[in-house]
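Read the figures in this text as sums done on the coordinates, not as results from a lab. Treat the numbers as computed from the prediction; the structure is a model and nothing was measured. Because the Cβ atoms are built from the backbone with ideal geometry, glycine has one as well, and the counts that use them run over all protein chains shown.
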Amino acid sequence: MQGNKIRNLISITDLSVDEIEGLIETANDIEKNPEKYQDACAHKQLATLFFEPSTRTRLSFESAMLSLGGQVLGFSSANSSSASKGESVSDTVRTVGNYADIIAMRHPKEGAPVIAAQRTVVPIINAGDGGHFHPTQTLTDLLTISRKKGRLSDMTIGLCGDLKFGRTVHSLIEATLRYKNIKYVLISPDELRLPDYMTDKLNEAGADYEEITSLEEAMPKLDILYMTRVQRERFFNEEDYVRLKDTYILTPEKLRNAKKDLVIMHPLPRVNEISVRVDDDERACYFYQTLCGKHIRMALILFLLGIKVKEA
Amino acid sequence: MNIDGVNTGIVLDHIKAGKSMEIYEYLGLDKLSSCVAIIQNVKSGKYGKKDIIKIDEIIDLDLDALGYFDSNITVNYIKDGKLVEKKHAELPDRLTDVIKCKNPRCITSTEQEIPHVFELVDKEKKMYRCVYCDALVKLK
């Protein structure tokens, strides 16, 4: 699978469908037999370079590496790194590549991990680059869907909220376009519609999709409901943010017409777009997603480091 | 109007009318010590009007950059008064430091001295994609 070539994960399309399948299998095995993997990355170090704050992604990478018996180092904001002194991404990564065996990096600028991958010989994992890609969230989403539905094909996926800036939505669409018979229901206000370059991709793939503004209208059709947050940091204008942030709030009332086996997902953090009253509904899977996120990141670290764990 | 023919040098022909000054500047022809002629609005059977640039010296030309400016340009290499080679500029597959990414969120807007690289994604639509942030640029 690895050969001698260094593999990076910049975009979800860097992985083939078979490779994703392999990661899902490993993640499922990790869930069943965690002890088998507990020393798999002994004496290996993961650097988490987070130029932008994050709770879940950084901690799940660190938890993943620690659960594999490895060690972690890094920083959690640009302010606590030499970036605050004006150091470039190139120089930071070139330096850290001498300390760690693998790097997970989040940066507010789009394409920063491409530069990173050019500057070091250790694998780079894109842990989010601005509004661009967030492939490990997509792997998390795919693992969650696969575990909850037992398949990644033949379903209707509703994507709701900020479809314009929501990088998780774009990556999830790109990933699921490679599976058979997926229908998309795109639910958003006009201002936050899916960008043209994404609808172009749907059209090119001949995908079945509809764009609507009513969440209630979409609800009965959905097998998956993927909610997103309207993110303050993606807006240049505070007024636009305030006007649009409460557009879609999921409540138990809105779920009345939903399928019994609907899977409700959210990349988190949530602000108020899902009422806390929904949390106890057994269809709410967004906290389960965070566990999937840890398992798939463990599988990814093993894959990129070329480590194969022997059967116990 | 008469302009002497080139004895040994390059003739850039079939330049879209009005584009020659832009190409002159991009290629840095003002820095040459040899004779350079820009001829604008020449009658052309094929295009109606065209521009021509004559350079009285053989220089290294970035054909990719020329293709970006105008993919109809023909580059004629003249030696001792004879046409020795004719090349056609084509839309290049990759543009390095020819255009800059205008996406304010692109890493190229802050990272120092990295090349601005674009890849051709649609020849017909003349569409290029920034290799860092995927921003699309359509050539005019």
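Listing for the model above:
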read-out: Under 5 Å, built H, 5+ apart or other chain: amide partners of residue A:109; value: A:130
read-out: ³J(HN,Hα), Karplus 6.51/-1.76/1.60, whole Hz, each residue of the stretch B:59-71, x for Gly, Pro; value: 10, 6, 10, 7, 5, 4, 5, 4, x, 5, 5, 6, 7
read-out: Estimated FRET transfer efficiency (residue B:64, residue A:308; beta-carbon r; R0 56 Å; 0.05); value: 0.80
read-out: Per-residue HN-Hα couplings for the stretch B:30-38 [Karplus 6.51, -1.76, 1.60; θ = phi - 60°; Hz; x = Gly/Pro]; value: 5, 8, 6, 8, 7, 6, 10, 10, 10
read-out: GNM result for chain A, Cα springs below 10 Å: residue of A:99, A:197, A:209 fluctuating most strongly; value: A:197
read-out: Cα lying deepest toward the dipole's positive end in the stretch A:1-124, options A:11, A:70, A:112, charges on Cβ; value: A:112
read-out: Ascending count of other beta-carbon atoms within 10 Å, so fewest first, for A:109, A:85, A:245; value: A:85, A:245, A:109
read-out: Centroid-to-centroid separation of the stretch A:93-151 and the stretch B:55-84 [C-alpha atoms, Å]; value: 44 Å
read-out: Simple Cβ-charge dipole of the stretch A:136-290, Lys/Arg +1 and Asp/Glu -1, about Cα centre, in debye nearest 20; value: 620 debye
read-out: Peptide B:131-139 - average C-beta neighbours from other chains (10 Å radius); value: 4
read-out: Surrounding net charge for residue A:255, when Lys and Arg each add one and Asp and Glu each subtract one, Cβ distance under 15 Å; value: -3
read-out: Shielding by partners, peptide B:109-115 (average Cβ within 10 angstrom, other chains); value: 5
read-out: Three-way shape call for the stretch A:216-300 based on the alpha-carbon gyration tensor, with the a/c threshold at 1.5; value: oblate
read-out: All aspartates and glutamates inside 12 Å of residue A:180 as judged from Cα atoms, apart from same-chain residues fewer than 8 positions distant; value: A:154, A:208
read-out: Distance from the stretch A:50-91 to the stretch A:154-199 (C-alpha centre basis), Å; value: 29 Å
read-out: Principal-axis tilt of helix A:167-176 within chain A, Cα atoms, nearest 10 degrees; value: 90 degrees
read-out: Theoretical ellipticity at 222 nm over chain A - DSSP helices of four or more residues, -39500 (n - 2.57) apiece, nearest 500; value: -10500 deg cm²/dmol
read-out: DSSP beta bridges in the protein assembly as shown [antiparallel fraction, %, rounded to 5]; value: 50 percent
read-out: Under the Karplus curve 6.51 cos²θ - 1.76 cosθ + 1.60, θ = phi - 60°, whole-Hz ³J(HN,Hα) for the stretch B:99-109, x wherever Gly or Pro sits; value: 10, 10, 6, 9, 6, x, 8, 6, 4, 5, 6
read-out: Folded to 0 to 90 degrees: helix A:56-67 orientation relative to chain A principal axis, Cα; value: 50 degrees
read-out: Gyration tensor verdict on the stretch A:179-252 (Cα atoms; rounded if a/c is under 1.5, prolate if a/b is larger than b/c, oblate otherwise); value: oblate
read-out: Highest-MSF residue in chain A out of A:117, A:205, A:78 [GNM, Cα springs under 10 Å]; value: A:205
read-out: Placed amide H near residue A:44: partners under 5 Å, 5+ positions off or other chain; value: A:71
read-out: Listed residues A:169, A:185, A:242, most fluctuating in chain A (Gaussian network, C-alpha, under 10 Å); value: A:242
